[in-house]
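The values are calculated or read from the model by the stated rules, or taken from the named source; none is laboratory data. Owing to the predicted nature of the structure, the values given are computational and were not obtained by experimental measurement. FYI the Cβ positions are ideal-geometry reconstructions off the backbone, even for glycines, and counts take in every protein chain you see.
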């Protein structure tokens, strides 16, 4: 460190304890089962990223990144190019979040892997780290993201205070966790890791208005968080410092973003003993996670013999806080203006699932701009009335449940209730299902042989000497 400023004691501070855990994990490594869990998340992220190259957000960010200078140190997934580490993190984080298919932690309601893993892959490739080292850094970074998100979760409110204020916890917290992962891989000690997180806390940003009224900027949020994290670690390595009370201070992270409802104790509760990491939900469908239980309920009714042609009325019951994201304003949710907006519509996603859908239930083909204008889908979507269901309210936000009630032409009602989301601990995706999701993501982009090679290499990361083989297979 080149700075001559007097340092404050980090003992007992939140950032100091988080940094100490990160430094410890670099030495001891994650338990084998957690490394395997992170490797599965790497595979999932690579598929989500390769699927996203045609998205406007991905094209725009990659085009800009190609005009930035710097050492070619890390792979831009599917771009055929290498970039400086922070730039690669920006490109790959944007790709990872552009299809709304990235994993979700509950009840904090954020997507931790889509920023942290791109940051870890970029720095890990740049410094020649082993697969295990990258998984360890990513794992502890993801854990930090989740714990910061929990600091903004309000038990009384039953929701994230970040979310209540229109703030995207995914990117705001993601910058800090990405900084921790990058700092670990750059070899910084606990003090430097704390500085990197303290710097990144000033960089975290993201607004959720795009979910309501449009715009593709939200899809760049994880890229910017990953970029901020890597840059913050590089700044810390060069001697820039962060505040010791950056998380809990009067003008610190949690108070600034969440006000008096912030709960610092949740950030540290069971730190190093209990890991949130394995409980993070994989997403089987490339759409907003609030829509998934409605999709599964629709699929259940179809499996039971419901004919969509017989439907005259649909009632979709969800938790009250979910309504504003997937059901309001009702007119635009029933007729989304694009495939992107369709992914945030409860009526649209239910309609697509009733009509058969693609992929594992609904897939990328269901969220093209053309699919968003499909007359049969829109006809069904207009039949949907969304409402707050009491039982769903009791379960939320530990799950995103739904109940679907459908009336047919003969006057009979058909009901399906889904309390546990597919892809979560109570209803997990197997390795085979996760690989199937990857295969669907890369269909038309990789040959079956190449897809199998990527999947095998990603899942074997705990034993890999470096990332070279993996990143070569996804560079394009």
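A few remarks follow.
- Residue ranges of strands (runs of 3 or more DSSP E) in the range 361-476 with at least 3 members in contact with a helix residue (DSSP H, G or I) (Cβ under 6 Å, 6 or more places away or on another chain) and modelled with pLDDT under 95: none
- Condition met for residue 194 (at pLDDT 95 or above, under 22 Å from the mean Cα position of the chain (by Cα) and crowded, with 24+ Cβ neighbours inside 10 Å): no
- In the range 100-115, the residues that are surrounded by fewer than 24 Cβ atoms within 10 Å (Cβ to Cβ) and out of contact with any strand residue (DSSP E or B) (no Cβ under 9 Å at 6 or more places or on another chain): 100
- Taken as a whole, the condition of being touching a helix residue (DSSP H, G or I) at 6+ places or on another chain (Cβ under 6 Å), in a loop (DSSP other than H, G, I, E, B), buried (at least 20 other Cβ atoms within 10 Å of the Cβ) and touching a residue at least 12 places away in the same chain (Cβ under 8 Å) applies to residue 247.
- Residues of the range 83-117 that are at pLDDT 95 or above, in contact with a helix residue (DSSP H, G or I) (Cβ under 7 Å, 6 or more places away or on another chain) and over 16 Å from residue 280 (Cβ atoms): 83, 85, 86, 87, 88, 89, 90, 91, 92, 93, 94, 95.
- Helices (runs of 4 or more DSSP H) (entirely within the range 1-115) containing at least 2 residues that are without any contact (Cβ under 8 Å) to a residue 24 or more places away in the chain: 14-28, 56-65
- So residue 225, is it under 29 Å from residue 27 (Cα atoms) and either in contact (Cβ under 8 Å) with a residue 40 or more places away in the chain or assigned by TED's automatic domain parsing to the domain that holds residue 20 (or both): yes
- Taken together, 445, 409 contain a single residue that is more than 30 Å from residue 132 (Cβ to Cβ) and touching a residue at least 60 places away in the same chain (Cβ under 8 Å), which is 409.
- Flag for residue 71 being in the same structural domain as residue 97 (by TED's automatic domain parsing) and buried (at least 19 other Cβ atoms within 10 Å of the Cβ): no
- Sub-6 Å Cβ pairs linking a first residue in the range 330-342 that is in a helix (DSSP H, G or I) to a second residue that is surrounded by fewer than 16 Cβ atoms within 10 Å (Cβ to Cβ), at least 6 apart or interchain, are 334/382; 339/368; 339/369, ordered by first then second residue.
- Filtered residue count, the range 221-244, keeping only those that are surrounded by fewer than 24 Cβ atoms within 10 Å (Cβ to Cβ), in contact with a helix residue (DSSP H, G or I) (Cβ under 6 Å, 6 or more places away or on another chain) and either at pLDDT below 95 or part of a helix (DSSP H, G or I) (or both): 1
- Restricting attention to the range 164-191 and to residues that are surrounded by fewer than 24 Cβ atoms within 10 Å (Cβ to Cβ) and touching a strand residue (DSSP E or B) at 6+ places or on another chain (Cβ under 9 Å), the residue that is nearest to residue 256 (Cα to Cα) turns out to be 167.
- Scanning the range 206-220 for residues that are modelled with pLDDT of 95 or more and not in a helix (DSSP H, G or I), we see that the one that is farthest from residue 124 (Cα to Cα) is 207.
- The residues in the range 128-174 that are part of a loop (DSSP other than H, G, I, E, B) and either under 14 Å from the mean Cα position of the chain (by Cα) or not assigned by TED's automatic domain parsing to the domain that holds residue 101 (or both) can be counted, and the count is 1.
- Some residue of the range 301-321 being at pLDDT below 95 and either buried (at least 17 other Cβ atoms within 10 Å of the Cβ) or assigned by TED's automatic domain parsing to the domain that holds residue 139 (or both): yes
- When the criteria are applied in full, residue 279 meets the requirement of being out of contact with any helix residue (DSSP H, G or I) (no Cβ under 8 Å at 6 or more places or on another chain) and either surrounded by 24 or more Cβ atoms within 10 Å (Cβ to Cβ) or within 30 Å of residue 55 (Cα to Cα) (or both).
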